[in-house]
Amino acid sequence: MSGFEFNKLMAAFLTAALFAMVVGVISDMVYEPEHLEKNAYAIEGVATDAAAEAPKEVPFEVALASADPKAGAKVFARCTACHDDSKGGPNKVGPELWSVVGRPVASADGFAYSDALKGIGGEWTFEKLDHFLTKPASFAPGTKMSFAGLSKVEDRAAVIAYLNSQSDAPKEIPAAPAEGGAEGGEQPAAEQPAGEQPAAQQNAG
């Protein structure tokens with residue numbers, strides 16, 4: 001075989017190989033399958049990775065029983081632009097919060113509360129404060145309170161424990177309920193005003 005014929009064969013081979021490679025790349029681009037982020041059909045009894053990894057929220061009663069007022073003071077630092085928690089302290093953008101746990105809702109002297117707060121009634125119990133702090137706008141639609149709320153139950157419990165300590169006569173914090181709750185393994189229902197959805201505090205106005 002002459003050198004000329006050999007060169008022709010090599011050129012033909014390389015051309016075929018290059019063509020096959022280009023066709024393969026193009027077909028991968030055109031027909032590459034899209035992988036779903038999650039299964040189109042959930043298999044009963046099989047938990048997804050997200051569900052398996054999602055931590056279960058601690059009940060408020062449990063978080064409150066072990067809450068540290070010192071940690072709550074750090075959380076409350078976010079609220080000091082609008083609230084004063086010292087004895088005899090002034091109303092600011094929001095009402096003063098000295099001895100707020102156990103006092104009637106919307107009762108700080110000299111503060112102009114919204115009708116939404118005035119209509120709640122009752123006292124600021126631990127549970128009611130928890131609902132308010134979760135999301136004020138849901139607890140009392142129409143409230144002046146612009147604070148979005150505290151999403152972590154541990155933060156709410158800590159700040160409520162701190163506010164409870166800011167009083168001449170702090171309320172006794174209930175012990176954590178036994179595991180499984182009351183009869184039938186259910187947790188006792190938390191107190192909330194009639195006709196309102198559970199929710200959240202920072203401006204209590």
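The values are calculated or read from the model by the stated rules, or taken from the named source; none is laboratory data. Because the structure is predicted, anything quoted here is derived from the model rather than measured. Positions of Cβ are generated from backbone atoms using ideal geometry, with glycine treated the same way; all protein chains shown enter the neighbour counts.
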Taking region 141-158 and the residues there that are part of a helix (DSSP H, G or I) and among the hydrophobic types (A, V, I, L, M, F, W, C), the one that is surrounded by the fewest Cβ atoms within 10 Å (Cβ to Cβ) would be VAL153
Picking from SER99, SER138, the residue that is in a loop (DSSP other than H, G, I, E, B) and among the polar types (S, T, N, Q) would be SER99
Note to self: Residue under question is GLU154, and the condition is that it be among the acidic types (Asp, Glu) and under 23 Å from LYS87 (Cα atoms); does it hold?
What the structure shows: no
Q | Any chance ALA161 is closer than 15 Å to ALA67 by Cα, buried (at least 20 other Cβ atoms within 10 Å of the Cβ), over 18 Å from the mean Cα position of the chain (by Cα) and at pLDDT 95 or above | A | yes
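Based on this model, can you work out whether PHE132 counts as under 19 Å from LEU64 (Cβ atoms), surrounded by 20 or more Cβ atoms within 10 Å (Cβ to Cβ) and of a type in the set (A, V, I, L, M, F, W, C)?
For PHE132, the condition - under 19 Å from LEU64 (Cβ atoms), surrounded by 20 or more Cβ atoms within 10 Å (Cβ to Cβ) and of a type in the set (A, V, I, L, M, F, W, C) - is met.
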The residue that is farthest from ARG156 (Cα to Cα), considering only those in region 117-132 that are part of a helix (DSSP H, G or I) and either of a type in the set (Phe, Trp, Tyr) or modelled with pLDDT under 95 (or both), is LYS118
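Give the residue that is surrounded by the fewest Cβ atoms within 10 Å (Cβ to Cβ), with candidates limited to residues of region 118-129 that are within 23 Å of the chain's Cα centre (by Cα) and not β-branched (Val, Ile, Thr).
GLU127
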When GLY94 is run through (1) surrounded by fewer than 20 Cβ atoms within 10 Å (Cβ to Cβ); (2) part of a loop (DSSP other than H, G, I, E, B), the failure sits at (1)
